[in-house]
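Data first, discussion second: the structure below is written as structure tokens.
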Amino acid sequence: MRVPLGQVADMAAYIAKNKLRPKPEWQRNLAADDSANPFKIIHTQIPSARAGRKPHPMINKRFPLVMMLEPLHACNLTCTSCGRIREYESTVRERLTLEQCLRAVDECGAPLVSICGGEPLLYPEIGPLAAAILQRGKYIQLCTNGMFIAKKLKEFKPDNAFVFNVHLDGMEKNHDLAVERPGVFREAIEGVKAAKAAGFKVFSNTTVYKETDMREIEELFEYLAQFKVDGHTIAPAYGYSAVNDREIFLTREDVHEKFKSIDKLSKKYPIVASPVYMEFLKGERDLPCTAWGNPTYNVKGWKGPCYLITDAHYDTFEELMTRTPWENYGAGNDPRCADCMVHCGYEPSAAYGINSKFSDPFKSLAWLLS
Ligand code: SF4
């Protein structure tokens, strides 16, 4: 089973609650009043609305699903593709307090918290932070370069709701090139082994670049199988504001080409990307923007509109949800979104019902339980 039954049930209940009783303040469109986004072109990404039909009342409800919590942006590495160390260079020495992190988690209410950064294992109160989030009945993915896992392991307790998500962009030579330091792959693998030996759940976290050979990704998954890694997250590296000045990033067409054989990989290895998301990656249908689905909180506040683009930082989650002109974003609405393949980490189509097909929930359920 790719995702534990309890987690599937919790997420399904949360999604149903938010679709049946959506918070009205979060559903308003602010297009007429938009001054934050100078790139706006048109105001809808919902095909039925474009065609002049009213969308079904259950679809396109805005609510958070996966919160991206960045307690700090400091990192021991300077990975080639990292936007954070560039965009937040001026505040890289700052960090959130434990209280600020927990207040944000409570304010947002998303059932899954992705603790990222920076390198979150450099956060001095990472153990108490994870414990307090788990105590709130939430799920955690801790995204790390893996180098400090072995050293920090004693600060955590194994929990079905907690996953170490370890960055590995290829086998040793290419991963070390991507993170710009020799030896990182080996240390990350030591971290994976230590975490698995201590009873923790571990995923690998891979980004696919223009030069990535998908056969190497298969080799990586095969190599990781010996350590009984629980899942693989994999995503394309698309250009966005903080990083798109370089040639390593994929256009939408490149993404479709790279991922055309992803089904074969997914049958062989526990890839944690649903078949519906894979259809987006393969270009079989348009990926909608669900920026509100994974709100990001960091030292500057709530980052709007999304993890990638920064047009504003808000003090409160409520302000992010009510003051962002969501309808101005997404491919076709904003040129900066043209190559975006962001998904909310769970299942945007089934969860939000945008560009969805009748069969999606069944397909997703079968996959989750496979
Ligand atoms: S970059 Fe992606 S997630 Fe962000 S607003 Fe654009 S389409 Fe949405």
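The values are calculated or read from the model by the stated rules, or taken from the named source; none is laboratory data. Everything quoted here is computed from the prediction, not taken from an experiment. Positions of Cβ are generated from backbone atoms using ideal geometry, with glycine treated the same way; all protein chains shown enter the neighbour counts.
Could you list, in sequence order, the residues of the stretch 257-303 that are out of contact with any Asp or Glu (no Cβ under 6 Å at 6 or more places or on another chain) and in a strand (DSSP E or B)? Scanning the stretch 257-303 gives Ile271, Thr296, Tyr297, Trp302, Lys303. For the stretch 83-96, the criterion of being in contact with a strand residue (DSSP E or B) (Cβ under 6 Å, 6 or more places away or on another chain) and of a type in the set (Asp, Glu) is met by no residue. Restricting to the stretch 319-343, and then to whatever is surrounded by fewer than 21 Cβ atoms within 10 Å (Cβ to Cβ), in contact (Cβ under 8 Å) with a residue 24 or more places away in the chain and more than 30 Å from Asp254 (Cβ to Cβ), can you tell me which residue is farthest from the ligand (Cβ to nearest atom)? Filtering first and then ranking leaves Thr322. The residues in the stretch 146-158 that are part of a loop (DSSP other than H, G, I, E, B) and farther than 25 Å from Gln7 by Cα can be counted, and the count is 2.
Being of a type in the set (A, V, I, L, M), under 21 Å from Lys210 (Cα atoms) and out of contact with any Lys or Arg (no Cβ under 8 Å at 6 or more places or on another chain) is not true of Ala291. Looking only at the stretch 259-318, which residues are of a type in the set (Lys, Arg) and either under 21 Å from Glu218 (Cα atoms) or more than 16 Å from the ligand (Cβ to nearest atom) (or both)? Lys260, Lys264, Lys267, Lys268, Lys282, Lys300, listed by residue number. Screening the candidates Asn165, Asn160 for the property of being in contact with a Lys or Arg (Cβ under 9 Å, 6 or more places away or on another chain) and of a type in the set (S, T, N, Q) yields one hit, Asn160.
Cβ-Cβ distances below 6 Å connect the following pairs, each with a first residue in the stretch 99-114 that is at negative phi and touching a residue at least 24 places away in the same chain (Cβ under 8 Å), a second residue that is surrounded by 18 or more Cβ atoms within 10 Å (Cβ to Cβ) and of a type in the set (D, E, K, R), and a separation of six or more residues or different chains: Pro111/Lys138; Val113/Lys138. Of all residues in the stretch 176-190, those satisfying the criterion of being over 23 Å from the mean Cα position of the chain (by Cα) and closer than 19 Å to Val229 by Cβ are Arg186, Glu187, Glu190.
Assigned to a loop (DSSP other than H, G, I, E, B) and farther than 17 Å from Cys79 by Cα - does that describe any residue in the stretch 231-252? Within the stretch 231-252, one or more residues are assigned to a loop (DSSP other than H, G, I, E, B) and farther than 17 Å from Cys79 by Cα. Here the condition is being free of Cβ contacts under 8 Å to residues at least 24 places away in the same chain and over 22 Å from Lys210 (Cβ atoms); of Lys267, Lys260, Lys300, it holds for Lys267 alone. Quick check on my filter: what residues within the stretch 107-140 are in a helix (DSSP H, G or I) and among the polar types (S, T, N, Q)? Within the stretch 107-140, Gln135 is the sole residue that qualifies.
The set of residues in the stretch 207-219 being touching a strand residue (DSSP E or B) at 6+ places or on another chain (Cβ under 7 Å) and modelled with pLDDT of 95 or more consists of Ile217 alone. If you go through the stretch 177-205 and keep only what is at pLDDT 95 or above and among the β-branched types (Val, Ile, Thr), you end up with Val184, Ile189, Val192, Val202. Among the numbered conditions (1) touching a Leu at 6+ places or on another chain (Cβ under 8 Å); (2) modelled with pLDDT under 80, the only one that Pro47 does not meet is (1).
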